[in-house]
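The values are calculated or read from the model by the stated rules, or taken from the named source; none is laboratory data. Since we're looking at a predicted model, the values are computed, not measured. Virtual Cβ from ideal backbone geometry, glycine too; neighbours counted across all protein chains shown. Please note that ligands, DNA and RNA were not included when accessible areas were found on the heavy atoms of the full protein model with its side chains. Shrake-Rupley method; radii C 1.70, N 1.55, O 1.52, S 1.80 Å.
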Amino acid sequence: MRRIGTKMLLYSAMAILFFLGYRYVAEVTAVRSVETSFLTPIDGMIPFIPEFVFPYMSLYALFWLPVIVSRNITLRDFATIIVATAGMFAVAFTVYAIIPSRYPRPEVCPDTSFVYYILAKALYAYDLPNNTLPSTHAAVVAILLSAARKKFGRRTYAVYALWGASILLSTVTVKQHFVVDLVSGIVLGVVMYAVARRIVGNARTT
């Protein structure tokens, strides 16, 4: 229980810093007159599926729970996750400041249905359509799946990976990100996890 409590504290601190930092960067870049669009024909072929707002939003807390409660994810493992996530945010925020981008997401009427209400009031109201490259959603999924790959049993990991895949898919089906955002986010997450493993490993040996 003490290990889980420590993980929760680390996660909570990281989450608070992320939300404050992300919102600040989003508001600063939102006032810029020049924004980049990474729209491609592939993006145009991807349908708008509002129901994917639920897997998209599950990343904020629920997708973290398996690694938080898992006995196989040690505090050292979790520290690696936190270092990787913090490093990823630093890189992403820097890119957002240098190359502000915007996704032309659809107009959504919250009175249409419960799904549209959640999409408009919970996601679109907070998560501004600018700062798309890279997708931090995709990067976090890549980090957590990398950390859990050898720590979870095959069946558990298969379910977790399927959940992660639904989150990755949601980034483009709720029209929050371009395909290039998704790909760059995955690459960034994998790279930052590898870097974090080395950093935490070296810190332990010194």
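For every residue, the table says whether it meets (1) closer than 15 Å to LEU123 by Cβ; (2) of a type in the set (Phe, Trp, Tyr); (3) in contact with a strand residue (DSSP E or B) (Cβ under 9 Å, 6 or more places away or on another chain).
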site	(1), (2), (3)
MET45	no, no, no
LEU59	yes, no, no
PHE63	no, yes, no
PRO66	no, no, no
VAL69	no, no, no
ILE73	no, no, no
THR80	no, no, no
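Aliphatic (A, V, I, L, M), out of contact with any Leu (no Cβ under 7 Å at 6 or more places or on another chain), under 16 Å from THR132 (Cα atoms) and open to solvent by 60 Å² or more (accessible area, probe 1.4 Å): is that true of LEU39 in this structure?
Values: aliphatic (A, V, I, L, M): yes; out of contact with any Leu (no Cβ under 7 Å at 6 or more places or on another chain): yes; under 16 Å from THR132 (Cα atoms): yes; open to solvent by 60 Å² or more (accessible area, probe 1.4 Å): yes.
It is true that LEU39 is aliphatic (A, V, I, L, M), out of contact with any Leu (no Cβ under 7 Å at 6 or more places or on another chain), under 16 Å from THR132 (Cα atoms) and open to solvent by 60 Å² or more (accessible area, probe 1.4 Å).
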Quick one: ALA138 ticks every box in (1) part of a helix (DSSP H, G or I); (2) open to solvent by 30 Å² or more (accessible area, probe 1.4 Å); (3) without any contact (Cβ under 8 Å) to a residue 60 or more places away in the chain bar one, so which box is it? (2)
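To keep it simple, each residue is scored yes or no on (1) out of contact with any Leu (no Cβ under 7 Å at 6 or more places or on another chain); (2) among the β-branched types (Val, Ile, Thr); (3) surrounded by fewer than 16 Cβ atoms within 10 Å (Cβ to Cβ); (4) closer than 24 Å to LEU65 by Cβ.
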{"position": "LYS151", "(1), (2), (3), (4)": "yes, no, no, yes"}
{"position": "THR156", "(1), (2), (3), (4)": "yes, yes, yes, yes"}
{"position": "ILE167", "(1), (2), (3), (4)": "no, yes, no, yes"}
{"position": "PHE178", "(1), (2), (3), (4)": "no, no, no, no"}
{"position": "VAL187", "(1), (2), (3), (4)": "yes, yes, yes, no"}
{"position": "VAL191", "(1), (2), (3), (4)": "yes, yes, no, no"}
{"position": "VAL195", "(1), (2), (3), (4)": "yes, yes, yes, no"}
Matching option when the condition is assigned to a helix (DSSP H, G or I), in contact with a helix residue (DSSP H, G or I) (Cβ under 8 Å, 6 or more places away or on another chain) and either surrounded by fewer than 19 Cβ atoms within 10 Å (Cβ to Cβ) or at pLDDT below 90 (or both), among PRO110, PRO66: PRO66
Taking the stated definitions as given, is MET57 at pLDDT below 95, open to solvent by 40 Å² or more (accessible area, probe 1.4 Å) and in contact with a helix residue (DSSP H, G or I) (Cβ under 9 Å, 6 or more places away or on another chain)? yes
In the range 73-107, which residue that is among the β-branched types (Val, Ile, Thr) and over 26 Å from PHE152 (Cβ atoms) is most open to solvent (accessible area, probe 1.4 Å)? ILE98
Please identify the pairs in which a residue from the range 84-111 that is closer than 18 Å to VAL180 by Cα has its Cβ atom under 6 Å from the Cβ atom of a residue that is open to solvent by 40 Å² or more (accessible area, probe 1.4 Å) and assigned to a loop (DSSP other than H, G, I, E, B), counting only partners at least 6 apart or on another chain. PRO100/ARG32; PRO100/GLU35; SER101/GLU35; ARG102/GLU35
Could you list all residues from the range 1-42 that are over 21 Å from PHE63 (Cα atoms) and of a type in the set (Phe, Trp, Tyr)? TYR24, PHE38
Taking the range 141-156 only, how many residues are touching a helix residue (DSSP H, G or I) at 6+ places or on another chain (Cβ under 6 Å) and without any contact (Cβ under 8 Å) to a residue 24 or more places away in the chain? 1
